[in-house]
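Only one structure is covered here, and it is reproduced in the block below.
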Amino acid sequence: MAVPADSEGAAPDSPPAELQPKTARWTAPGDWALAAELLWDGEATLHGHCVVVRGDRILAVCSVEEATEAGLAVEQHRGCLLPGLIDAHVHMEFSEHFPLHEQPRLAAKQLREAMADRAERMVRSGITTARDLGGRNFAALGLRDDIREGKVKGPRLLCAGQPLTAPKGHCHQWGGEAGSVPEALAVVDRQVAHGVDWVKVMATGGMRTPGTDVEEAAFSTQLLTEVVQKASAHERPVAAHAHGAKGVVAAVKAGCRTVEHCTWIAKAGQWGCVDDQTVEEMARRGVAVAPTAHANWRFKPMGERNFDRMALALQRLKGAGVPLLASSDAGAIPGLPHDALAGGIEVLAHMARMSPVEALSAATRRSAEVLGLGQECGRLAPGLSADLLLVDGDPTRDLHVLQWPILVVAAGRRVVPVVQPPPKPQTARPHRTRARH
Ligand SMILES: [Zn+2]
């Protein structure tokens, strides 16, 4: 049986170990068990094992034999059982059918329905957690609470409310503008008062807000430092949107927990102008990067040359030990559905030269740790949320099988996937992304 490997302060004889199935009495009515040919628990691959679920939690990860001896009817499946996926950067409020700043103004009820629909599609595709990095009217927070209360099917959400931005800065239309330290701190206070989980700052301009500069820092290091301190006093980590190196440097020095995009744009639009000193500082300070390498990057919308330069930048970050997180930016990218994370994981693996297991970790365990959810999800271990994804194949060898979930369980509730598994592939498949050699 697996017990939490790195649970803080958990001694080997703490509660999860007591769940060891020594007798037939460790299960209770209502417990149920799922087994697959293969189980990847976030770290190791296990054969002949199952996950036992009680309510919304994982009760045990044990051998099928142990579960059967304890009187459970173990449901056996083909394929692989793994932790539900995490998208570290989405925008639930926005539709992929419109450019970011041309979104229709919907009535509250319509907006709620549209967001609930996106959330359901996400969870049906295997995404059981997502971090929402901003919108204009705190709508994602209501969705988060509805999902938590079981009123809406969807992934567990962490929400950032209105991003803090410079006057006329990136996404200033959303209401988080500040031109001075007191104004910036007031924006942070307002987000916290609305119940955000993260604070988001726009440390540079953005490609989708005309008139902003992606290469220059939007805020001084001093202002960002005060923002991080303020957020931290409220126990909120800070995520910094940053393209150009100057914005990345300011965000890292200020103590931001994650850098979003991190495209290192400089020299009139050239991507991947990596600042080595900053990369080392990121590794030293434990800053993670959500590069928003999404499924449609396979079409290289930034151009062949910038795609290759970004790939090298990601390899440089990975080589230095900076955690890279599976992240799509869905909602901000026209044409990218909210449920396309699986394709993005393949793109990220290809660009950063990650092994399938490294990429899976970037979408599960590693991401949960960075997002502060290491004791809640991201692994299959006793005591954690029962967030399970069953896919038709072995994703530790071929990430493409993530495209076909057979079953998704979110916080102990079964969700039927949208896409039924295709017949076992015999030949090469379209859009398959392989690591280069
Ligand atoms: Zn975004």
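Here, each number is a calculation from the coordinates, and none is a lab measurement. Remember, it's a predicted structure, so these values are computed and weren't measured experimentally. Cβ sites come from the backbone with ideal geometry, for glycine too, and all protein chains shown count toward neighbours.
Using a Gaussian network model of the chain whose springs link C-alpha atoms within less than 10 Å, name the residue from S180, S95, S125 with the highest mean-square fluctuation.
Of S180, S95, S125, the most mobile in the Gaussian network model is S180.
Give me the count of lysine pairs in region 85-354 whose alpha carbons sit under 21 angstrom apart, restricted to pairs 8 or more positions apart or on different chains.
Final tally of qualifying lysine pairs is 13.
When the Cα centres of region 57-109 and region 191-257 are compared, how far apart do they sit, in Å?
Measuring centre to centre over Cα atoms gives 29 Å.
What is the spread of the Cα atoms of region 179-253 along each of their three principal axes, largest first, in whole Å?
Principal extents (largest minus smallest coordinate, Cα): 31, 24, 20 Å.
For the chain, modelled as a Gaussian network with Cα springs under 10 Å, which listed residue fluctuates most, A28, A239, A266?
In this elastic network of the chain, the residue with the biggest mean-square fluctuation among A28, A239, A266 is A28.
Can you say what percent of the DSSP beta bridges in region 85-354, counting only those with both residues inside, are antiparallel? Round to 5.
10
Please arrange E66, E376, E75 by how many other C-beta atoms lie within 10 Å of their C-beta, fewest to most.
Going from least to most buried by this count: E75, E376, E66.
Assuming R0 = 35 Å, can you tell me the calculated FRET efficiency for the pair A186 and R285, based on Cβ-Cβ distance, to the nearest 0.05?
0.85
Could you work out how far the C-alpha centroid of region 265-327 sits from that of region 330-375, in angstrom?
First find each Cα centre; the distance between them is then 14 Å.
For K151, K318, what's the fewest-to-most ordering of other Cβ within 10 Å of each Cβ?
Fewest-to-most Cβ neighbours within 10 Å comes out as K151, K318.
Among M351, M122, what is the fewest-to-most ranking by other Cβ atoms within 10 Å?
Lowest to highest Cβ neighbour count: M351, M122.
Once the mean 1/r over all distinct Cα pairs of region 182-335 is inverted, what Kirkwood radius in angstroms do you read off?
15.7
Please compute the modelled spin-label separation between E37 and K109, points set 7 Å along Cα→Cβ, answer in nm with one decimal.
Going from the K109 label point to the E37 one covers 4.9 nm.
Of the GluC sites (Glu not before Pro) in region 125-208, which ones lie in a loop per DSSP and count no more than 14 other C-beta atoms within 10 Å?
Filter output for region 125-208: E149.
How compact and how long is the chain, expressed as Rg and Dmax of its alpha-carbon atoms in Å?
21.4, 68
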